[in-house]
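Read-outs throughout are calculated quantities, based only on the coordinates presented, and are distinct from any laboratory measurement. The structure displayed is predicted, hence computed values, not measured ones. Positions of Cβ are generated from backbone atoms using ideal geometry, with glycine treated the same way; all protein chains shown enter the neighbour counts.
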Amino acid sequence: MAAADRDLAPVAALIGDPARAAMLAALADGRALPAGELARCAGVRPATATAHLHRLVDGGLVTVRAQGRHRYHELAGPHVAEALEALARIAPPAPVRSLRAHRSAAGLAEARTCYDHLAGRRGVELRTLLLDAGALHPVDDRDHALTVDGRRLLVGLDLDPDRLGTTRRVFARHCIDWTDRRPHLAGALPAAVLGRFLTLGWVTRRAGRAVRMEPGYDEHVRRWLGNPAER
């Protein structure tokens, strides 16, 4: 759909505020966070954070989930994370003013979450490996379908391909990675695969969106893709 068919200005204004942009970035890994933590991420006072969050909720970018007496904020869905990822591709890089910031940026470029799927160089690599293994095949310029070999691979990873295929979410769609400039996979399939990698300990979460490939990750993935019976 052409941009002229949608009023982009209200959404752009919501994202364009530095404090709100920082809050959205903190939520981009799919976590649900309280207002106090989001205030710290944005570097603003709690009352100011609350006002910003009300605007993000009213604008449909963030939802609130109550858990007992606590309220947690999260992105309204993976489509918001995908929009943020797309904006990052055309945005100038943030200034790096310290060695810590440099290391953080390098870590995000190597491996991070984009909402709930793998992004960065390792996310791009995983898409390539799945295609090379014959687990997926492109059905158009964006989407991928599971092959017979792909079904066996998912079963070998203790995932149910039928269940993944019946969700209302996009199954496996390419998403241009803002640091690598090549596509990684977004959707139900890559989210389930990353979740399984985390459960198995092949991948671990780090601060924020960064993830770490543990020693042996490459061998585990090679064995999984080479022989679905081996995990």
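Please find the FRET efficiency linking Arg121 to Arg69, where r is the Cβ-Cβ separation and R0 is fixed at 45 Å, and quote it to the nearest 0.05.
After rounding to 0.05, the efficiency reads 0.60.
Can you give the three extents of the C-alpha atoms in the range 60-161 along their principal axes, from longest to shortest, in whole Å?
Sorted largest first, the three principal extents are 46, 40, 26 Å.
So who's got an amide H within less than 5 Å of the one on Val211, skipping anything under 5 residues away but keeping other chains? H placed 1.01 Å off N, in plane.
Ala111, Arg112, Thr113, Arg206
Report, by chain and number, residues whose modeled amide H sits under 5 Å from the one on Ala28, excluding near sequence neighbours (fewer than 5 apart, same chain).
Close amide H contacts, sequence-distant or interchain: none at all.
Check which residues have an amide H placed less than 5 Å from Val203's amide H, if you skip close sequence neighbours.
Amide H neighbours of Val203: Leu198, Glu214.
Run the dipole for the chain about the Cα centre, Lys and Arg Cβ at +1, Asp and Glu Cβ at -1, nothing else charged, and hand back the magnitude in debye, nearest 20.
Here the chain has a charge dipole of around 820 debye.
Give me the tail of P(r) for the chain as a percent: Cα-Cα pairs with distance above 23 Å.
Tail of the P(r) past 23 Å holds 52 percent of the pairs.
Can you run phi through the Karplus equation (6.51, -1.76, 1.60; θ = phi - 60°) for the range 167-182 and list ³J(HN,Hα) in whole Hz, with x for Gly and Pro?
The phi angles translate into 6, 7, 7, 3, 7, 7, 10, 6, 9, 5, 6, 6, 9, 8, 6, 10 Hz.
Taking θ as phi - 60°, what are the ³J(HN,Hα) couplings along the range 65-75 by the Karplus curve (6.51, -1.76, 1.60), each to the nearest whole Hz, with x for Gly and Pro?
Karplus-based 3J(HN,Hα) across the range 65-75 equals 10, 8, 9, x, 8, 9, 10, 10, 10, 8, 4 Hz.
Order these by the 10 Å Cβ neighbour count, fewest first: Cys41, Cys114, Cys175.
Going from sparsest to densest Cβ surroundings: Cys41, Cys175, Cys114.
Over all pairs of distinct alpha carbons, what does the Kirkwood formula give as the hydrodynamic radius of the range 99-226, in Å?
Taking every pair of different Cα atoms in the range 99-226, averaging 1/r and inverting gives 14.8 Å.
Which order do peptides 9-15, 209-215, 63-69 fall in by mean Cβ count within 10 Å, highest first?
Peptide ranking by packing, descending: 209-215, 9-15, 63-69.
With θ set to phi - 60° and the Karplus curve 6.51 cos²θ - 1.76 cosθ + 1.60, what are the ³J(HN,Hα) couplings of the range 38-50 in order, to the nearest whole Hz, using x for Gly and Pro?
3J(HN,Hα) across the range 38-50, in whole Hz: 5, 4, 5, 4, 8, x, 10, 6, x, 5, 5, 4, 4.
Find the percent of Cα-Cα distances in the range 7-76 that exceed 17 Å, and round it to a whole number.
33 percent
Note the per residue figure in Å³ for the convex hull of the C-alpha positions in the range 165-231.
In the range 165-231, the Cα convex hull volume per residue is 125 Å³.
Give me the three principal axis extents of the range 120-186 from the C-alpha atoms, as integers in angstrom, largest value leading.
In descending order, the Cα extents are 32, 24, 19 Å.
Calculated from DSSP H runs of 4 or more alone, at -39500 (n - 2.57) each and per residue, what is the 222 nm mean residue ellipticity of the chain, nearest 500?
That calculation yields -14500 deg cm²/dmol at 222 nm.
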